[in-house]
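No value in this document is a laboratory result; all are computed from the given coordinates. These numbers were taken from a predicted model, which means no experiment stands behind them. Heads up, the Cβs are rebuilt from the backbone with ideal geometry, glycines too, and the neighbour counts pull from every protein chain shown.
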2 protein chains.
Amino acid sequence: MTRGLTIFPVAGMPEVRPKDDLVGLVIAALAKAKERLADGDVVVIAQKVVSKSEGRIVKLAEVEPSERAKTMAAEGNKDPRQLEVVLRETKTILRWERGVLICETHHGFVCANAGVDRSNAGQPDAVVLLPLDPDASAGRIRDEIARRASARVAVVVTDTFGRAWREGHTNVAIGIAGLPALKRYMGQTDPEGYELRVTEIAVADEVAGAAELVMGKLDRCPVAIVRGVAFAEPSETARDYVRPAARDLFR
Amino acid sequence: MTRGLTIFPVAGMPEVRPKDDLVGLVIAALAKAKERLADGDVVVIAQKVVSKSEGRIVKLAEVEPSERAKTMAAEGNKDPRQLEVVLRETKTILRWERGVLICETHHGFVCANAGVDRSNAGQPDAVVLLPLDPDASAGRIRDEIARRASARVAVVVTDTFGRAWREGHTNVAIGIAGLPALKRYMGQTDPEGYELRVTEIAVADEVAGAAELVMGKLDRCPVAIVRGVAFAEPSETARDYVRPAARDLFR
């Protein structure tokens, strides 16, 4: 594995707006902090700024809610326009109870409100959606960093998702480039010779969670660098985290 | 929050056996690596070594399986003695399908096989159980480190749990001392003045996941130090992660 990790926030990022040059903003913020990206660094970026730079913002004033959205909004005491956006981002509704809406997104991720969020939208009465293809976003950011900062980094695009059974949200990977999603111990043996049959560790999710510890929701710090991660496994995508519905015991 | 984190493994731990002085082994391994614990460090310890030092090991030869364990073992192609131990550690079975057993433990944690595991038991034909009270274990370790290493650390006892909807396991906190479980953003506002209503970040779980990145299952590295975590919130316990069944939409 690795001797040790260091994780530091990229301070001084401005508010990110549609069509902004996100990679340029990250490189400039790093330069101002006298930091440089190194080969092997993992650049962890909150979905919110990726989505905003990609224009994945919807002004609620421009949304015409469907009858279904209106009915559900009345049931759950929600804004029907925001609910309409959530429904458009949803492939399947897993739960709709007590105003809580747990959705499978078109990507296959299971999360509240299909990842549609009103906070930190950068403008009033607007919501931010998840990137259309967060793995592709991560790949583009990675390629651009290679080109413009001459560093072979990995990129993880993250969002904070709730989970079943445990209180609290954790930061997880919704887009990955240059890093494995899962570290597999299957078929290997422990020191007593007992075979580890099914252990797969969600390392990119753990990287996302680690980075969250220095990011923070209020102080506009959407990017962190995780240095010292050394994986031998091939690169995967966050789609590798999607458990097929047929194999999921909790739908 | 914090400027940055460093995370490093505590190398050179021997196999831990019942009644071993776990804190003494950690302090000795750190000394040998010329590392010292500092105030504010988080000492992350895999449940497996905590359990072993507390004697939470069961030799399968000494287990008399119940009729229920025998029936289920036949259904699921399992060892009836191991299944008997799992059932004793289980408060409620959430799922029993295709040989997969998802349990609520007596602590309230939801995980496969009630946390009973045969790998890395340190002896053949034995299983390791979760600590009886992992928060109390974390508290004892913390107090002992304060006394014997003169450092005011926090302690997180961890296990790797699967989750709904997403492939892979992540390291999570099952015992906490000196650290908050949840960082709460409720009632605070984002830069646009939008109120963050329900965000709670499971920071001790994120610390556990971060530490796992340097731990590893095969190379006998069950302890890691996370340095630079600075929480203003009061200490909590891992019981704060237990979502009451009545409020859980996925049982």
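In summary, the aspartates and glutamates within cross-link reach of A:Lys70, defined as a Cα separation below 18 angstrom excluding same-chain residues under 8 places away, comprise A:Glu62, A:Asp79, A:Glu84, A:Glu89, A:Glu97, A:Asp125.
Summary value for chain B: 26 percent relative contact order, contacts being C-alpha pairs under 8 angstrom separated by 6+ residues. Using 0.36 nm per residue and subtracting the Cα-Cα separation, the extra length available between B:Arg17 and B:Lys32 on full extension is 3.4 nm.
Distance check, please: which entries in B:Lys32/B:Lys91; B:Lys32/B:Lys78; A:Lys78/A:Lys183; B:Lys34/B:Lys59; A:Lys59/A:Lys91 exceed 31 angstrom between their Cα atoms? Show your work: numbers first, answer last.
Numbers: B:Lys32/B:Lys91 42 Å; B:Lys32/B:Lys78 42 Å; A:Lys78/A:Lys183 40 Å; B:Lys34/B:Lys59 37 Å; A:Lys59/A:Lys91 22 Å.
Beyond 31 Å: B:Lys32/B:Lys91; B:Lys32/B:Lys78; A:Lys78/A:Lys183; B:Lys34/B:Lys59.
Can you tell me the relative contact order of the stretch A:104-199? Whole percent, Cα pairs under 8 Å, sequence separation 6 or more. Each step should come with its number before you reach the end.
On the way: 125 pairs, mean separation 18.6, N = 96.
Answer for the stretch A:104-199 is 19 percent.
Per-residue ellipticity at 222 nm, computed for chain B from helices alone with -39500 (n - 2.57) per DSSP H run of at least four residues, works out to -8000 deg cm²/dmol.
Nearest 0.05, what FRET efficiency do A:Ser150 and B:Ser235 give at R0 = 45 Å with Cβ-Cβ as r?
Taking R0 as 45 Å, the efficiency between A:Ser150 and B:Ser235 is 0.50.
In order along the stretch B:129-136, phi translates into HN-Hα couplings of 9, 5, x, 4, 9, x, 5, 5 Hz, rounded to whole numbers, per the Karplus curve 6.51 cos²θ - 1.76 cosθ + 1.60 with θ = phi - 60° and x for Gly and Pro. How large is the translational diffusion coefficient of the stretch A:58-127 in µm² per second when you combine the Kirkwood radius over alpha carbon pairs with Stokes-Einstein at 4 °C and 1.567 mPa s? Stokes-Einstein gives a translational diffusion coefficient of 107 µm²/s.
Placing a label point 7 Å from Cα along the Cα-to-Cβ direction at B:Ser235 gives distances to the equivalent points in the other copies of 4.5 nm, listed shortest first.
Considering only DSSP beta bridges whose two residues both sit in the protein assembly as shown, what percent are antiparallel, to the nearest 5? The partial results should precede the final answer.
Working: 67 of 79 bridges.
Bridges in the protein assembly as shown that DSSP calls antiparallel: roughly 85 percent.
Database remark: amide H of A:Val242 closer than 5 angstrom to the amide H of B:Glu167 (H placed geometrically; neighbours at sequence offset of 5 or more, or on other chains; Pro and chain starts carry no H). With a cut-off of 11 Å on the backbone N, no residue of the stretch A:89-124 is near the modelled label site 7 Å out from B:Thr189 along Cα-Cβ. The simple spin-label model puts a point 7 Å past each Cα toward its Cβ; for B:Ser66 and A:Ala245 those points are separated by 3.6 nm.
Couplings for the stretch A:142-156, taken from phi via the Karplus curve 6.51 cos²θ - 1.76 cosθ + 1.60 with θ = phi - 60°, read 4, 5, 5, 5, 4, 6, 9, 10, 6, 10, 8, 9, 9, 10, 10 Hz in order; Gly and Pro are left as x. Determine the relative contact order of the stretch A:1-67: mean sequence separation of Cα pairs under 8 Å and six or more apart, normalised by residue count, in whole percent. Computed over the stretch A:1-67, the figure is 39 percent.
Of the trypsin sites (Lys or Arg not before Pro) found in the stretch A:119-210, the ones in coil according to DSSP and having at most 11 other Cβ atoms within 10 Å of their Cβ are A:Arg197.
When the chain is fully extended, how far beyond the present Cα-Cα distance does A:Ala136 get from A:Val100, taking 0.36 nm per residue of separation?
On the way: separation 36, 0.36 × 36 = 12.96 nm, distance 2.95 nm.
Gain in length upon complete extension: 10.0 nm.
With the simple spin-label model, which puts each label point 7 Å out from Cα in the Cβ direction, the A:Arg88 to B:Arg3 separation comes to 4.6 nm. Ranking B:Gly175, B:Phe161, B:Val116 by Cα position along the charge dipole of the stretch B:106-176, where only Lys, Arg, Asp and Glu carry charges on their C-beta atoms, puts B:Gly175 farthest toward the positive end.
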